[in-house]
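Novice: Take a look at the following structure, please.
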Amino acid sequence: MILVGLGFTLILSVALYVTDQWARGYIEEKQHQLFIERLDSIAKSLDRKEELLQNTGLWSAYLVGFQKSAIQQLATEYYNDPDLQCYPFIVNGKNRFVMHPKSEKYDEVFKENLVDRNKDNKGRFGEFSYEYDGKSKWCMYTYFEPWDWHVFYTIPLDVKFAEIHAFRFKLFTVLILPILVVALLLSFAIAWMTRPIQTLTEAAQEMAKGNLNQDINVKRKDEIGILAQSFLVMRNAIRDKISALDSEIADRRQAQGDLAKLNKTLESRVQERTTELEDINDKLGKALAQANLANEAKSAFLANMSHEIRTPMNGVLGMTGIVLESDLDIEQREQLNIVMDSANSLLSIINDILDFSKIEAGKLALDSVDFSLRQIVENITQALEINIGQKDIEMLTSITDDIPDMLIGDPGRLRQVLNNLVGNAVKFTHEGEVLLKIDLESKTQDEVTLHFQIKDTGIGISREKQEGIFSPFEQADNSTTRRFGGTGLGLSISCQLVEMMKGRLELVSEENEGSLFHFTVSFGISKILDHPSDENDCSQLQSENLIIDSTVQSALSGSEHSLKILLVDDNDTNRKLAAVYLTRMGHEFVLAEDGKQAVQAAQAETFDAILMDIQMPQMNGLEATKVIRQNEKETGEHVHIIAMTANAMSGDRQLCLDAGMDDYVSKPIDRSKLEQALKVVGVSSIHS
């Protein structure tokens, strides 16, 4: 009841406050607009006088007369009220009253205050409140610029708020009495309505305490009576429900006891299973550790195998090549060519196995360098000329003109894929043709996507054999290996290399009708212009007015420049082979059998270059290089160190460069690559 009264009072208070604020705002806005209109009327009257004055053409002569006329007109219009509580007045630019209804003077402080308030509001309306002669007043003002007059309109605050006070009186007189009567009647009605509800509330509180026998004496036929009857029905239903719940609780307690026994059994089983899982996890951890160790051992084994196989292969290939350059009869040359082919086949198999192991271990990374696509295709076709010449087949190549020659990517891996696919096409084709076709699929400002197709008229591949053709160690059938050779790794490696280059290698083939291998790869477009051919390099440079030293030009064109070289290798065969190469290139050399001898020789003599093996007793090539580079910090010199090693696993080249070496040549030694590396040293020494 009290809450209802308080709520009604609060609502009434809010309504009265909102009404009063609205009325006050409305009245003040109306008065504000009225005074703006009066100031505007004064301003228009002054504007008319000013316009008449300007029309006379004698502004200075008639100014005073027009000002007096304007003041008289305004005084007649606004000073009719004898009380003069609300009136305009004017102060000129010298802070003197031009027009005022009263004769007495106002003090100067007041005038200055009024004028100062209006100085920053020239041409705009403003308002303020002030105290004068013990009375609070409200004033609006504006500025008449032509005559430098400040025009004010003032009114006592009690007059300003008189209308508001009158409205409030009417509001309270008209509304409060009826509201009080309504509130009194409403309180009686609420009391009559809420008394039964109070009874029901008390009964509900007793029910909350657990007393379900509380009597409810409400004898009415209206909605409240219906509510009371419903309350009785609810109470009886609660009694029945509590009885049912008591029975259910007893049953649940019995079930909880059974569940507790079952939980104990289950916990025991879970503990046993947890122990078993922990044992399994422990075994899995040990197995994983063993697998990691096995993988590391495998990598170490592959590295050692690569080194140990490449070292004798270096001797086999190198010495065979040297003997082939000598005078031989036909039978001897044929036999040695067989040895060279067999050795190259063995080296190819070793490279395939190592590449597959690198890919499988995730240690194979792609380079991103500038290269010539057409030069790669030309090198591949030249390398296959001997095999093609032995068969009744024709090798065709097609590169569309809209493909840039200089691209950015990994030329070595692209060459490996094309070599494998084109080589297979030549291998498995007896007559007809082999086509290498390269088309431009798409092109942007910085990138091209090329479509490679290798098509042959060879033996083809049956449909049932195509599914596993890209799997490692797979060929179309077992007789293929016996007939044509190979490890079955080439296509698997090519497929994975293409996928690493964001492409996909696919096959279309019919048995005895040839095969088509095709894939797409994206490359960057090189900013380097296409290079002129080798024989025109020097003339090209000279045509561009570049002055080239004759000795440097000779080195670039292939002429020999004798170098003094320190040859470091612990293997006698490798030393002999390298010595033959260096001798035939016209270079001088000094031999060293390990890293310690290399360091001593580098301190005792000056060399143009050092050919450094890596795996050596006493001190390996990496350690020796670091010692030599440390000694050079004192002398300020720098000798060109080239790694010449059988370490050809992923990362070996970078490992050598990080140790301070300048270049890297892997074994078996490619004589042309070694010669090219030494040419760089020769050009560098000529410049220095």
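The values are calculated or read from the model by the stated rules, or taken from the named source; none is laboratory data. Note that the structure is a prediction, hence the values are computed from the model and not measured. Cβ placement follows ideal geometry from the backbone for every residue including glycine, while neighbour counts extend to all protein chains displayed. Calculation scope for accessible area: heavy atoms of the full protein, side chains included, ligands and nucleic acids excluded. Shrake-Rupley method; radii C 1.70, N 1.55, O 1.52, S 1.80 Å.
Novice: Are any residues in region 376-412 free of Cβ contacts under 8 Å to residues at least 24 places away in the same chain and open to solvent by 70 Å² or more (accessible area, probe 1.4 Å), and if so, which ones?
Specialist: Residues of region 376-412 free of Cβ contacts under 8 Å to residues at least 24 places away in the same chain: 378, 382, 385-386, 389-390, 401.
Selection gives GLU378, GLN382, GLU385, ILE386, GLN390, ASP401.
Novice: Looking at (1) open to solvent by 80 Å² or more (accessible area, probe 1.4 Å); (2) closer than 30 Å to LEU577 by Cα; (3) modelled with pLDDT under 80, find the lone condition where GLY318 falls short.
Specialist: Against the list (1) open to solvent by 80 Å² or more (accessible area, probe 1.4 Å); (2) closer than 30 Å to LEU577 by Cα; (3) modelled with pLDDT under 80, GLY318 comes up short only on (1).
Novice: From ASP594, ASP663, grab the single residue that is touching a Pro at 6+ places or on another chain (Cβ under 7 Å), at pLDDT 90 or above and under 23 Å from ASP572 (Cα atoms). Break it down into steps so the answer makes sense when it comes.
Specialist: Values: ASP663 fails: touching a Pro at 6+ places or on another chain (Cβ under 7 Å).
One residue alone meets the criteria, ASP594.
Novice: Among the residues of region 394-408, is there at least one that is at pLDDT below 85 and not in a strand (DSSP E or B)?
Specialist: Of the residues in region 394-408, the ones at pLDDT below 85 are none.
No, because not a single residue in region 394-408 is at pLDDT below 85 and not in a strand (DSSP E or B).
Novice: Quickly run through region 369-393 and pick out the residues that are of a type in the set (Gly, Ala, Ser) and at pLDDT 90 or above. I'd like the intermediate steps shown before the answer.
Specialist: Here is the first cut: in region 369-393, the residues of a type in the set (Gly, Ala, Ser) are 372, 383, 389.
Scanning region 369-393 gives a single hit, SER372.
Novice: Consider only pairs whose beta carbons are under 9 Å apart and that are at least six residues apart or on different chains; among these, list those whose first residue lies in region 126-149 and is within 17 Å of GLU28 (Cα to Cα) and among the aliphatic types (A, V, I, L, M) and whose second residue is part of a strand (DSSP E or B) and open to solvent by 70 Å² or more (accessible area, probe 1.4 Å).
Specialist: As it stands, the answer is MET140/GLU127, since those pairs meet every condition given.
Novice: Return the pair list, or none, for Cβ contacts closer than 9 Å from residues in region 25-45 that are at pLDDT 75 or above to residues that are loosely packed, with under 14 Cβ neighbours inside 10 Å, at least 6 apart or on different chains.
Specialist: Listed by first residue and then by second, the contacts come to SER41/GLU77; ILE42/GLU77; SER45/GLU77.
Novice: Let me ask you something else. Those residues that are more than 14 Å from ASP569 (Cβ to Cβ), charged (D, E, K, R) and either open to solvent by less than 20 Å² (accessible area, probe 1.4 Å) or in a helix (DSSP H, G or I) (or both), I need them from region 603-625; list them, please.
Specialist: If the condition is that a residue be more than 14 Å from ASP569 (Cβ to Cβ), charged (D, E, K, R) and either open to solvent by less than 20 Å² (accessible area, probe 1.4 Å) or in a helix (DSSP H, G or I) (or both), then GLU623 is the only one that fits.
Novice: With the checklist (1) open to solvent by 60 Å² or more (accessible area, probe 1.4 Å); (2) β-branched (Val, Ile, Thr); (3) in contact (Cβ under 8 Å) with a residue 24 or more places away in the chain in hand, flag the one item ILE642 doesn't pass.
Specialist: Only one criterion in (1) open to solvent by 60 Å² or more (accessible area, probe 1.4 Å); (2) β-branched (Val, Ile, Thr); (3) in contact (Cβ under 8 Å) with a residue 24 or more places away in the chain is unmet by ILE642, namely (1).
Novice: Going by the structure shown, is GLU272 open to solvent by 60 Å² or more (accessible area, probe 1.4 Å), on the phi < 0 side of the Ramachandran plot and without any contact (Cβ under 8 Å) to a residue 60 or more places away in the chain?
Specialist: Numbers: open to solvent by 60 Å² or more (accessible area, probe 1.4 Å): yes; on the phi < 0 side of the Ramachandran plot: yes; without any contact (Cβ under 8 Å) to a residue 60 or more places away in the chain: yes.
Yes.
Novice: Given the structure, is GLU623 of a type in the set (Asp, Glu) and out of contact with any helix residue (DSSP H, G or I) (no Cβ under 8 Å at 6 or more places or on another chain)?
Specialist: Values: of a type in the set (Asp, Glu): yes; out of contact with any helix residue (DSSP H, G or I) (no Cβ under 8 Å at 6 or more places or on another chain): no.
No.
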